[in-house]
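A short worksheet on the structure shown next.
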Amino acid sequence: MLSGRGARVLSADDRSVLEFGPGGRVRRTDLSLEECVRASDVVVSGVPDPDFRVPTEWIREGSTVINVASGHGGNFDEGTVGDVPGVTYVPHVGRVTVAALQYNLICLHKNYHS
């Protein structure tokens, strides 16, 4: 994982925010979703709710923004996310990439709870 190479890795859901550290350490943090997005150089979102959007004003200049939500318009406002200076926006990824991400998520969950 990137945390093993010195990156700060945050994972947020509707209940909590987890921070992954070197050596597989995981801890809860009290950061808000907004704080996580504003601090991130890379934002990956795959929320299956068609009404969920990451507010464009939270996205940091120069970041990479990747939408992996499928079956609806995505988690970012495509009309404004490109207006953030220096942002690289990936509006969708292929099914194999989504499957690989889901597999990694299952592995993370399994490792965290074992």
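Some notes on this structure:
- Of the residues making up region 42-82, those that are farther than 23 Å from Asp14 by Cβ, loosely packed, with under 12 Cβ neighbours inside 10 Å and modelled with pLDDT of 95 or more are Glu61, Gly62.
- Flag: Val37 does not match the condition of being surrounded by 13 or more Cβ atoms within 10 Å (Cβ to Cβ), in contact with an Asp or Glu (Cβ under 8 Å, 6 or more places away or on another chain) and either over 17 Å from Arg53 (Cα atoms) or at pLDDT 95 or above (or both).
- Residues (outside any strand (DSSP E or B) and either within 12 Å of the chain's Cα centre (by Cα) or among the aliphatic types (A, V, I, L, M) (or both)) located in region 9-33: Asp13, Leu31, Leu33
- Long-range neighbours under 8 Å by Cβ, at least six apart or interchain, first residue farther than 9 Å from Gly74 by Cα within region 35-58, second small (Gly, Ala, Ser) and at pLDDT 95 or above: Ser40/Ser63; Asp41/Gly62; Asp41/Ser63; Val42/Ser63; Val43/Ser63
The values are calculated or read from the model by the stated rules, or taken from the named source; none is laboratory data. For clarity, every value in this text was computed on a predicted model and none was experimentally measured. As a convention, Cβ positions derive from the backbone with ideal geometry for all residues, glycine included, and neighbour counts pool all protein chains shown.
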